[in-house]
Amino acid sequence: MADIFISYARADRDLIEKLATALEAEGNSVWWDRQLVGGAEFSEEIEKELAAAKTVIVAWSENSVKSRWVKDEAVAAADAHKLIPVSVDGTAAPMGFRQFHLIDVSNWGGKPESDGFQDLSRAVKSTLTGERQVAPLVAKASRADKLIKPVPLAVMGLAVVAIIFGALTLRGDDVAGSDHTDEIAKAAPSVFDDIKPASIAVLPFADLSPEGDQEYFADGIAEEILNVLAGLNALEVTSRTSAFAFKSQSELSVQDIAASLKVRHILEGSVRKAGEQIRITAQLIDAESDQHLWSETYDRALTAENVFAIQDEIAQAITAQLRSKLKVDIDLQREFVQSGGTSEIDAYEAYLKGRELFRNRNYVKLPLAIEALEQAVAADPAFARAWGGLAVAYSVSPDWAFFDRDYRALAKDAAERALEMDPENSMALTALGQNNLPKDFEVAVDYYKRATAADPKNTTALLWLSQAYSRLGYFDRALEAVSRCLNIDPNYPVCMYTRAEETMLAGRYEEAMALLSPLMATEHADTYNPFLAMVAQREQPLLLEFMLREVADHMPGDTRWIVADLTRALSDEDYDREAALALLISRLRDQDHELGADPYIASVVLLSFGAYDKLPLDNAPDWWWFPGYKGLHQSEAAHAAIREAKLPDYWRKHGFPPQCRPVGKDDFECD
């Protein structure tokens, strides 16, 4: 058995062979899977060598950070206290492993005398002999040396800013160089100069579980800690959506991420579930200095009580560190404990899974979210948070064209169960608001306001309040509510889309399109109903076809052929829309698709063809306000839809929107 085991990705084989050869030349015995005997059990042989090795070198690279095998071997090495991580191409260690000092051998070039290899050699000798190896004294690096260190091309944007400004703002006594260089250093600003010191982002925790199937649980743990920290007025905490956008960007350094999020501190960590045990590791990093302020590993039995206790202990430790370091007035006596609402770990796990699926809901994930949340309340019928989450998932299901159950009745029952146990359950109040639309705006708006009063950071309630105001025609109020959502979570895609939509409805086309543009680079998909006619009028055919292709992709089967039909219906005044619509509906039926199955898809098609009298009313968008569709606002269909939704009743009590006015005692008109 060899003393040194090297874990690496297959694509880096040539680099590892050179590194192993150099280590062997120093008299070390090295094992890497080149030595596997033909016919040997692959995994069994690796496990034996890994267990027997006195030190394990894990070679991080752009390839290995994506490897489950390498991460598993790194976990085993860390557990055995014999891990030596190196970077063979400049890639940072993935989340969950950044608490270990990373040796950079990316520029060693096969030369044993290079600094990187010498650092590795000393670390190996220290691990094998137990004696601390002292590095030889060397001249301090010049500022130029620090600046020309290669950076992976993928991170040239923020990384260059962070490295250049960081290097130029090093203290003068850390750098050897001319007086002129020191003057430049003093004059140059740091990328962190304008960032509030008492600011933090909680990154998604890495899932290091053996099967790699606990990502939702790891994300949930990080989010729960984020929520506790967000409750501290003295601390500026980045929103979940913004922080979690960096989940798969392991090539970025902590400094790059912090600079992008405009925070001074980063909390990252990992979660490993194995049988009935859980290990949670967390570390707090000062991004400006790249110093680890605090780190801790928690090994506990897997119970809900222990999970909640760890979350609270981490929050307490962070606040203590920041209070000490920054002299921030954070009340350490504050009650941090969030019981989570359940003592059943199975219920809590199911809740975290359901919450994550609901947040990223689509036609596939929404039913799975409901299934997980139903499992949560079945495991613990007294779990109010799960009942609230389930109520919201039920309430939105008809809007996603799910009609296989009476979701409104289910939402009402679930919300009432939650409120019996927790009268201020914000998600339950939000669900009851959604449940009263589109028939009773008075009650719906009241519930949304109560929900945001109970939890001012409930972005779902703010989003749905905004959409309710939009349906009512109060576009200024709608934009105010959705802006509150984005102040809390600037990168929440649905709120970003809603703000663009409501800006369009308010008649500001150019501004609306500028707001919509960033969404094109996200995974958010929509039907773009409020935009289509205006895009067609502005003669932007490529953008129009892109939007219509997303519409087609919302439908089952191969339906992209409708793009050409819808484009012509929106753009060609001489098109025989009535005959073409009949043909389109017939063709969809041949593919076992009924147009009315999804009110949003039906609205796109019927609006495009000018068939306003056939537009759906229930579970449909507020199409009566959409701009650019010829004659829509003055149509009998729009007038009837507004009456059916009882908007005039609300207007007479709360005031007419700017574009509408009363006519006589019972009628109205809108521009």
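Within segment 627-640, residues that are on the phi < 0 side of the Ramachandran plot sit with their Cβ atoms under 8 Å from residues that are part of a loop (DSSP other than H, G, I, E, B) and surrounded by fewer than 17 Cβ atoms within 10 Å (Cβ to Cβ), at 6+ positions apart or across chains, in these pairs: P627/G507; H633/D671. How about segment 476-499: which of its residues are hydrophobic (A, V, I, L, M, F, W, C), more than 15 Å from the chain's Cα centre (by Cα) and surrounded by 24 or more Cβ atoms within 10 Å (Cβ to Cβ)? The answer is A478, A481, V482, C485. In this structure, is L293 surrounded by fewer than 23 Cβ atoms within 10 Å (Cβ to Cβ) and either of a type outside the set (K, R) or in contact (Cβ under 8 Å) with a residue 60 or more places away in the chain (or both)? Yes.
Take R643 and tell me if it is of a type outside the set (D, E), surrounded by fewer than 20 Cβ atoms within 10 Å (Cβ to Cβ) and not in a helix (DSSP H, G or I). Spelling it out, it is not the case that R643 is of a type outside the set (D, E), surrounded by fewer than 20 Cβ atoms within 10 Å (Cβ to Cβ) and not in a helix (DSSP H, G or I).
Every residue in segment 455-473 that is more than 16 Å from P490 (Cα to Cα) and not polar (S, T, N, Q), please. Even if it seems obvious, please write down each step before you answer.
So the first thing to find is which residues in segment 455-473 are more than 16 Å from P490 (Cα to Cα), and the list is 455, 464-465, 467-473.
Within segment 455-473, D455, W464, L465, A468, Y469, R471, L472, G473 meet the criteria.
Within segment 603-640, restricting attention to residues that are in contact with a Ser or Thr (Cβ under 6 Å, 6 or more places away or on another chain) and in a helix (DSSP H, G or I), the residue that is farthest from V396 (Cα to Cα) is Y612. Within this structure, A611 passes the test of being in contact (Cβ under 8 Å) with a residue 24 or more places away in the chain, in the same structural domain as R538 (by TED's automatic domain parsing) and hydrophobic (A, V, I, L, M, F, W, C).
Over 22 Å from A347 (Cβ atoms) and among the polar types (S, T, N, Q) - does that describe any residue in segment 427-434? Yes, segment 427-434 has at least one match. Y448 meets the conditions (1) part of a helix (DSSP H, G or I); (2) farther than 30 Å from A409 by Cα in every case but one. The failed one is (2).
Could you list all residues from segment 509-537 that are part of a loop (DSSP other than H, G, I, E, B), among the charged types (D, E, K, R) and loosely packed, with under 15 Cβ neighbours inside 10 Å? Within segment 509-537, just E523 meets the criteria. Look at segment 206-235: where a residue is closer than 11 Å to V271 by Cβ and a partner is among the charged types (D, E, K, R) and assigned to a strand (DSSP E or B), sitting 6+ places away or on another chain with Cβ atoms under 7 Å, you get L208/R272; S209/R272; S209/K273; Q214/D207; Q214/K273; E215/D207; F217/K273; A218/D207. Going by what's in this entry, would A597 be described as more than 19 Å from D526 (Cβ to Cβ), at pLDDT below 95, among the hydrophobic types (A, V, I, L, M, F, W, C) and surrounded by fewer than 18 Cβ atoms within 10 Å (Cβ to Cβ)? Criteria not met by A597.
Could you list, in sequence order, the residues of segment 545-602 that are of a type in the set (D, E) and in a helix (DSSP H, G or I)? Answer for segment 545-602, where residues must be of a type in the set (D, E) and in a helix (DSSP H, G or I): E545, E550, D553, D565, E578, D590. Look at N107 and say whether it is more than 24 Å from L128 (Cβ to Cβ) and either modelled with pLDDT of 85 or more or not hydroxyl-bearing (S, T, Y) (or both). Judged against the criteria, N107 is a match.
The values are calculated or read from the model by the stated rules, or taken from the named source; none is laboratory data. Since the model is a prediction, treat every value here as computed from it, not as a measurement. Because the Cβ atoms are built from the backbone with ideal geometry, glycine has one as well, and the counts that use them run over all protein chains shown.
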